[in-house]
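Novice: Below you'll find the structure I mean.
Where a number appears in this text, it was derived from the coordinates with a stated rule and is not lab data. For clarity, every value in this text was computed on a predicted model and none was experimentally measured. Heads up, the Cβs are rebuilt from the backbone with ideal geometry, glycines too, and the neighbour counts pull from every protein chain shown.
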Amino acid sequence: MSEKKANLAAVSTFADHEVILPPNKLKKAVQKVKPDAKVEFDPVARAEAALAELAADFTQWMEQECIRLDTARKAVKASGLNQGTCDALFLAAHDIKGQAATFGYPLVEPVADSLCRLIEHTPDMKRIPLGLVDQHVDAVRAITHRNTRGDSDANATMLAGKLRHVTEEFLAHANRDRPEYLEQILAPALAPSEPSN
Amino acid sequence: MIRIDFNRLRFLVIDDNAHMRRILRTLLHGFGTREVYEAEDGAAGLEGFTHYSPDIVITDWAMPIFDGLELTQMIRQPGANTNPYVPIIMLTGHSEKKRVIAARDAGVTEFLAKPISAKGLYQRVLNVVANPRAFIRTKSYFGPDRRRSANPNYAGPERRKGGKADVIKQQPLLDKAKSPT
């Protein structure tokens, strides 16, 4: 088969769709090895070890993310709730939500998640309660600064649970005229996070 | 048994957060990849995609300028670039049902919810390399086949027209490797 032909996708045409088999360019990376072949290294274990070496920086990185969140909160206070300040606050909270557990602060994650939900699902951004925003940001900072690592701190767990509860009550009230939307945002996540090991 | 030679794969990582890019680069290097390119937003990501011709794209969702979803839609334009079939792994803090479905409908190949783990990332890469999916083009969709498997208990109407031959069985490399030689 010529190289040109090998690079063409195989297309089967049907009444309302086409099924395309693209050339498999990743085949080059697949190695078939015998089951009893000696494993040179475990790529997952090696990646985890590499990540562990990076962990010395995580405290500083988390601090930087907290400063970013606090700065976004101050911008909201100074300029009011508008698309720019709301986006900055949401992105800062969203990044913390995604990274806190990796950085060793799993109890920060639910607080950041709750703040994201508050910003994203309040129908009118002007109605986002700033007092509740403050409480979320302060909670993120407090849990981080107390160096509450791991997931067993009772105070941090209670704080996260309380903030989530108040936020969900607010969202249920704010979206009471939009039952379909409310049902959507209360649906369980389709993609639960995966255990780290 | 199958093994992925990461050294032969070129990755493009698109995330506006420098810490997350560093984590992804560290994990990919740990797997054995040498070529990891980075971009900090969707626009730079599209430019990097054209310039570096990556084998696999890993993108965040929430980014300034244009986001990971819009980037995916731009890549999945047949004829608009050199490789509209490139596997796209969306790594995101969004895990809600509507988000996962939106990502799937934009043409994302794999979805990986944060927090990231070495195992989760490895499994997604293994899947796109060893189990490549056919692409489907309709009036409103172009991307990997959203039917990952045939459900023998499905009792609803057939939404794809064209008879029973509309699903082409493609033996995954993983199965091929498992079968005796």
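Novice: Treating the beta-carbon of each Lys and Arg as +1 and of each Asp and Glu as -1, no other charges, what is the dipole magnitude of segment A:1-144 about its Cα centre, to the nearest 20 debye?
Specialist: Rounded to the nearest 20 debye, it is 520 debye.
Novice: Here's another thing I want to ask about it. Show the residues, 5+ positions off or on another chain, whose built amide H is closer than 5 Å to the amide H of B:Glu35.
Specialist: So B:Glu35 has HN proximity to B:Phe11.
Novice: In whole angstrom, how long is each semi-axis of the equivalent ellipsoid of segment B:98-153, when you take the square root of 5 times every eigenvalue of its Cα gyration tensor and sort them from largest down?
Specialist: Whole-Å semi-axes of the equivalent ellipsoid: 21, 15, 12.
Novice: Mind sorting B:Arg133, A:Arg176 by how few other Cβ atoms lie within 10 Å of their own Cβ, fewest first?
Specialist: Listing B:Arg133, A:Arg176 from fewest to most nearby Cβ atoms yields A:Arg176, B:Arg133.
Novice: Please find, in a Gaussian network model of chain A (springs between Cα atoms separated by less than 10 Å), the residue of A:Glu53, A:Glu65, A:Glu18 whose mean-square fluctuation is greatest.
Specialist: Looking only at A:Glu53, A:Glu65, A:Glu18, the biggest GNM fluctuation is shown by A:Glu18.
Novice: Something else now. Can you pick out the pairs among A:Lys27/B:Lys98; A:Lys77/B:Lys98; A:Lys74/A:Lys126; A:Lys162/B:Lys98; A:Lys32/B:Lys114 whose Cα atoms lie more than 21 Å from each other?
Specialist: Over 21 Å Cα-Cα: A:Lys27/B:Lys98; A:Lys77/B:Lys98; A:Lys162/B:Lys98; A:Lys32/B:Lys114.
Novice: Run through every distinct alpha carbon pair of segment A:46-107 and return the Kirkwood hydrodynamic radius in angstroms, one decimal place.
Specialist: After inverting the mean inverse Cα-Cα distance, the result is 12.7 Å.
Novice: If you don't mind, there's one more thing I want to ask. Counting other beta carbons within 10 Å of each residue's own, what order do B:Met90, B:Met1, A:Met158 fall into, fewest first?
Specialist: Starting with the residue having the fewest Cβ neighbours, the order is A:Met158, B:Met1, B:Met90.
Novice: Show me, for segment A:138-146, the HN-Hα J-couplings you get by feeding each phi into the Karplus relation (A = 6.51, B = -1.76, C = 1.60, θ = phi - 60°), rounded to Hz, glycine and proline as x.
Specialist: Per residue, the Karplus-derived 3J(HN,Hα) values read 5, 5, 4, 5, 5, 5, 5, 5, 7 Hz.
Novice: About the Cα centre of the protein assembly as shown, how large is the charge dipole given +1 on each Lys and Arg Cβ and -1 on each Asp and Glu Cβ? Please answer in debye to the nearest 20.
Specialist: It comes to approximately 1480 debye.
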